[in-house]
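K.L.:
This is the structure, below, for whatever I ask next.
The values are calculated or read from the model by the stated rules, or taken from the named source; none is laboratory data. This is a predicted model, so every value here is computed, not measured. In this analysis, Cβ positions are derived from the backbone assuming ideal geometry, glycine residues included, and neighbour counts consider all displayed protein chains.
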Amino acid sequence: MSKETTIDLACENICKHFSDFTAVDNISFTIPKGSFFSILGPSGCGKTTLLRMLAGFEMPSSGDLLIKQKSMLDVPPNKRPVNMVFQHLALFPTMNIEENIGYGLRRQSVPKAEIAQRVAAVLERVGLAGSGKKRVDQLSGGQRQRIALARCLVLNPTLLLLDEPLGALDLKLREQMKIELKLLQKEFGTTFVYITHDQSEALVMSDQIAVMNKGKFEQVGTPHQLYYQPETAFVAGFVGDSNRWQGNIESQDGTAVRVSTNDGLSFKAKVSADKTVNAGNSVEIFVRPEAINVSRTAPSEQTDNQLICQVETILFDGAKSQIIAVEPESGGKITVTLPQTSDFANLQNADTIYLNWSAEQTLCFADNPDNRGGV
Amino acid sequence: MSSLPATSPFKLGMWLLLAPLCLWLILLIILPHLELLAFSFTDPEQGSFTFGFYQEFFLEPLYWRTFVRTAVMSIMATILTLLIAFPVAFYIAKMLKGRSKGIVFAMCLIPFWVSELVRTFGWMILLRESGVISNFLQWSGLSAGPVELLYTDATIMLGLVYTSMLFMVVPLVSTLDSLDDSYIEAGYDLGGTNWNVLREIVIPHAIPGVVSGCIIVFMLSLGNYLTPVLLGGKDSLWFTEQIYTQFITRFNWEQGSAFGLLLLLLSSLIVWAGLKVSRQSFAKTMG
C-alpha cells in the first residue's frame, strides 16, 4: 500500500500509431516519486512522442496513463499536474523573466503579491535572484535553461518533463548543466522525466534509465545495470563504447561460450539474459575498451581471453585516449583505453602490447540484424 | 584621386542600383505632390498666395463632414477586417499543414486576380433590386416585393472589408507563421486556457503583423474610390469622390489639390495616433 502511493507515473500498455507507422509500441513502466527517470534512445525511436503523450499533446492510440493513480486520458494538457521544459525552452519573448515565471501562477489566479514573492523565491533557488526584470534575450544559454526550469518548478508539478533541453548548449556548459540539473532535481524533489539521445547525460543524471528503440523499451535499469549488464545487443552497443564483433558459437557450456569472430579471432564469452543462443548460431559480442587490461610485457597469469597485438594508431584525447591495435595473425582490430601510467607514456605505433580480459566482460548476444542500430 | 580607386566603382554601382527608386520617388511621388502643394496655395485669378482653399474645407460642413465620415468608416472597416482576418490567418498559419495550407492560402489570393471593378460588379449583381439575393427572397416567400440591398452604408462596409481582406490576411499569416508551435504548447502546458494563450502569447507576437495590416487596410479604404461609388451610389459621400468632383467635374484643380493634401496629412495623423495608442513604432512594424 505504501509502495503504491509513491508511484507518480504509471504507463500501461501505451501505444501510439500514426497512419503509416507505430511510434510507441506497447510500453508499460512506472516511475517512483522524486526520481530522475531518463528515456534514452536514438532520434526517431519514439521518445518524443511518448513524452508528448505524458504532457497531453498527443493522445495514446491505446493503453492508459496514470499520474498518482488517476487516469490522465481525458485530462487536457492545461489541467495535468505535469509541466514541460521544451527542447528550445519556449520562453515567451514578449514577456520579461518575471512575467515568464509568473505566467503559470497567473493562470491559477494566485494573488499578485504572492506571485511576486514566489517568483522571487524560485529565482533565488535557481541562483538568478534579481534578474526578474530582464528580457529573455539578455540572458545566456545556461541562465535561460534555469529560467525554463524555474517557470515549471514554481508550479510544483507532480512530474517535470524535459525534452533534450541541453541539446543547444556548447560542450562545457552542457557538462556543467548536467550537474546543476541533478542538484536542482534533488533539491526540489520533483519527479523528472528526461529524454535524450546523449548517453552521457542519461548516465550522469538518472536514477533510472529506459533505453528505447523502435518504439519499445529495450531495458529499464539503473545507469550501472545498463552499463555492466546490458540485456540486449542494442543496449550494449548504444550505452558506452564497445568493441563489437560478429561471429559464430563454436562450443557452449552453460552460460560460457567460445566464439570465433568473422575476422578470425576467438574469444571466451558469457551469454547474458539472452538464452536462445546455441552452438553454430550467429552472434554478436561486445567488449568495452576500458574493460581490457593492457600491458607491455607478457602477463604471467592465464586469463580467459588473451591477445598479442600491435599498436596501429593512438587516438589521443586526454584521459579518454584510445589505442587501436591489430592482431597480426588474423588482422582483427580492437580498441582499448590507453592507460595513463608511465609505462605507456612513450608508446608508439607498431609497439607490441598484451591484452587480456575475462569472459565475464565479453557479452554475447544472438545476432539480430534488426537491432544493429546503436553506436 | 588615386586614393579612392577601390571605393568609387562600388559607389557608382550603388547609385546605379538606386537610380530607378530615386526616379520613381522623385517623378511620381515628390514632384506631383510639390505641384499639388503649389496649386493648393495659389489663387488662380491673381496668381497670388492664398489659404482660401484650405479655409473652404473647414468652413463648408459638407467637406469636413464627408472627411470625418470617410475616416470613421475606414477605421470601422479596418477593425472589421482584422476581426474576420485574424481567425482565417490563424487557421492558415497554425492549423493547416503542408499542401492544404498552400491551397487555402491560394484560395484567398485567387479572387484578387480579377480586377477590383469586376469584383465590385459581382457584388452589384448579387445585391441589386433585380439581383440574385432579391430574387431568391421573393421566390422563397421571405419578401413580398423586390429588395434593394445596394446604396447603403452597410453595403459600402461589406465592399471595403471584402476588398481589403487579402491585405490583412497576408501580413497576419506571415507573423503567425513565425510563431513557433512550442510557445503555444508551453502556454497550454503551464495551465493556460485558449483565451489566455491567445491574449498573452499569440496576440503579442502577432502585433507587428496586426499593425502593418491595419495601416495598409486603413489607407486602402480611405483612398478607395470604386467601392464607395459603385456600392454606395450617389449618396456614398466618400472623400476621394469630393477630390474627383473638384478635379474632373468642377475643373477646380486648386481645391482638389488642397483636398488631396489634406487627405494625406489627416490619414498620416490617424496612422500616427493609431501607432501611439497601440504603443508600436513604424520602424518596428516594417522591420
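K.L.:
Just to be sure before I move on: is B:Thr66 surrounded by 18 or more Cβ atoms within 10 Å (Cβ to Cβ), in contact with a Ser or Thr (Cβ under 8 Å, 6 or more places away or on another chain) and among the polar types (S, T, N, Q) in the structure I sent?
P.N.:
Judged against the criteria, B:Thr66 is not a match.
K.L.:
If you don't mind, another one. Tell me the residue from B:Leu12, B:Leu28, B:Leu96 that is within 28 Å of B:Gly223 (Cα to Cα) and surrounded by 10 or more Cβ atoms within 10 Å (Cβ to Cβ), please.
P.N.:
B:Leu28
K.L.:
Among the aromatic types (Phe, Trp, Tyr) and over 27 Å from B:Ser221 (Cβ atoms): does that describe B:Phe53?
P.N.:
no
K.L.:
Of all residues in segment A:47-99, which are small (Gly, Ala, Ser) and more than 11 Å from chain B (Cβ to nearest Cβ)?
P.N.:
Those that are small (Gly, Ala, Ser) and more than 11 Å from chain B (Cβ to nearest Cβ): A:Ser61, A:Ser62, A:Gly63, A:Ser71.
K.L.:
Let me ask another. Among (1) more than 9 Å from chain A (Cβ to nearest Cβ); (2) outside any helix (DSSP H, G or I), there is one condition B:Thr175 misses while meeting the rest; what is its number?
P.N.:
Only one criterion is unmet by B:Thr175, namely (2).
K.L.:
Could I ask something else about it? Any chance segment B:198-210 includes a residue that's among the hydrophobic types (A, V, I, L, M, F, W, C) and either in a loop (DSSP other than H, G, I, E, B) or farther than 17 Å from B:Pro87 by Cβ (or both)?
P.N.:
Checked against the condition, which is being among the hydrophobic types (A, V, I, L, M, F, W, C) and either in a loop (DSSP other than H, G, I, E, B) or farther than 17 Å from B:Pro87 by Cβ (or both), segment B:198-210 yields no hits at all.
K.L.:
Would you mention how many residues in segment B:184-230 are away from chain A (no Cβ under 14 Å) and under 30 Å from A:Leu162 (Cα atoms)?
P.N.:
0
K.L.:
What about B:Val147, is it away from chain A (no Cβ under 14 Å), of a type in the set (A, V, I, L, M) and not in a helix (DSSP H, G or I)?
P.N.:
In short, yes.
K.L.:
I've got another one for you. Could you tell me which residue of segment A:55-95 is nearest to the chain's Cα centre (by Cα), considering only residues that are in contact (Cβ under 8 Å) with a residue 60 or more places away in the chain and on the phi > 0 side of the Ramachandran plot?
P.N.:
My answer is A:Leu89.
K.L.:
Sticking with this one: Considering every residue within segment A:201-211, establish whether at least one is hydroxyl-bearing (Ser, Thr, Tyr), surrounded by fewer than 18 Cβ atoms within 10 Å (Cβ to Cβ) and either over 21 Å from A:Leu54 (Cα atoms) or at pLDDT 90 or above (or both).
P.N.:
Looking for residues that are hydroxyl-bearing (Ser, Thr, Tyr), surrounded by fewer than 18 Cβ atoms within 10 Å (Cβ to Cβ) and either over 21 Å from A:Leu54 (Cα atoms) or at pLDDT 90 or above (or both), one finds none in segment A:201-211, hence no.
K.L.:
Let me ask you something else. Hey, any hits in segment A:104-116 for a residue that's touching a Ser or Thr at 6+ places or on another chain (Cβ under 8 Å), more than 20 Å from A:Gly142 (Cβ to Cβ), part of a helix (DSSP H, G or I) and within 10 Å of chain B (Cβ to nearest Cβ)?
P.N.:
Scanning segment A:104-116, I find at least one residue that is touching a Ser or Thr at 6+ places or on another chain (Cβ under 8 Å), more than 20 Å from A:Gly142 (Cβ to Cβ), part of a helix (DSSP H, G or I) and within 10 Å of chain B (Cβ to nearest Cβ), so the answer is yes.
K.L.:
Taking the stated definitions as given, is B:Ile92 assigned to a helix (DSSP H, G or I), closer than 30 Å to B:Trp195 by Cβ and hydrophobic (A, V, I, L, M, F, W, C)?
P.N.:
yes
K.L.:
A further question on this structure: Being touching a residue at least 12 places away in the same chain (Cβ under 8 Å), part of a helix (DSSP H, G or I), hydroxyl-bearing (Ser, Thr, Tyr) and surrounded by fewer than 21 Cβ atoms within 10 Å (Cβ to Cβ) is the requirement here; does B:Thr240 meet it?
P.N.:
For B:Thr240, the condition - touching a residue at least 12 places away in the same chain (Cβ under 8 Å), part of a helix (DSSP H, G or I), hydroxyl-bearing (Ser, Thr, Tyr) and surrounded by fewer than 21 Cβ atoms within 10 Å (Cβ to Cβ) - is met.
K.L.:
Given (1) away from every other protein chain (no Cβ under 14 Å); (2) under 22 Å from the mean Cα position of the chain (by Cα), where does A:Asp137 come up short, assuming only one miss?
P.N.:
Every condition holds for A:Asp137 apart from (2).
K.L.:
Filter segment A:312-350 for residues that are assigned to a helix (DSSP H, G or I) and surrounded by fewer than 16 Cβ atoms within 10 Å (Cβ to Cβ) and give the result.
P.N.:
Listed by number, the residues that qualify are A:Ser342, A:Asp343.
Here's the yes/no breakdown for (1) over 30 Å from A:Thr94 (Cβ atoms); (2) surrounded by fewer than 14 Cβ atoms within 10 Å (Cβ to Cβ); (3) within 25 Å of the chain's Cα centre (by Cα):
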residue: B:Leu127; (1), (2), (3): yes, no, yes
residue: B:Ser130; (1), (2), (3): yes, yes, no
residue: B:Leu150; (1), (2), (3): yes, no, yes
residue: B:Asp153; (1), (2), (3): yes, no, yes
residue: B:Ser182; (1), (2), (3): no, no, no
residue: B:Gly209; (1), (2), (3): no, no, yes
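K.L.:
Separate question: With the checklist (1) modelled with pLDDT under 90; (2) more than 22 Å from B:Gly52 (Cα to Cα) in hand, flag the one item B:Arg250 doesn't pass.
P.N.:
(2)
K.L.:
Sticking with this one: Looking only at segment A:91-98, decide whether some residue is of a type in the set (Phe, Trp, Tyr) and more than 27 Å from A:Arg151 (Cα to Cα).
P.N.:
no
Yes/no matrix, rows are residues, columns are (1) away from chain B (no Cβ under 14 Å); (2) in a loop (DSSP other than H, G, I, E, B):
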| residue | (1), (2) |
| --- | --- |
| A:Pro157 | no, yes |
| A:Leu161 | no, no |
| A:Gly167 | no, yes |
| A:Arg174 | yes, no |
| A:Ile179 | yes, no |
| A:Leu184 | yes, no |
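K.L.:
Something else about it: Would you check which residues across segment A:1-54 are part of a helix (DSSP H, G or I), hydrophobic (A, V, I, L, M, F, W, C) and either in contact (Cβ under 8 Å) with a residue 60 or more places away in the chain or touching a His at 6+ places or on another chain (Cβ under 9 Å) (or both) and list them?
P.N.:
The answer is A:Leu50, A:Leu51, A:Leu54.
K.L.:
Still on this structure, please answer the following. Can you name every residue in segment B:211-237 that is buried (at least 17 other Cβ atoms within 10 Å of the Cβ) and outside any helix (DSSP H, G or I)?
P.N.:
B:Asn224, B:Leu237, listed by residue number.
K.L.:
Could you check how many residues of segment A:52-83 are surrounded by 19 or more Cβ atoms within 10 Å (Cβ to Cβ) and closer than 21 Å to A:Thr6 by Cα?
P.N.:
Final tally of qualifying residues: 8.
K.L.:
Output the number of residues of segment B:37-59 satisfying the condition of being in a loop (DSSP other than H, G, I, E, B) and under 31 Å from the mean Cα position of the chain (by Cα).
P.N.:
Summing the residues that are in a loop (DSSP other than H, G, I, E, B) and under 31 Å from the mean Cα position of the chain (by Cα) in segment B:37-59 gives 2.
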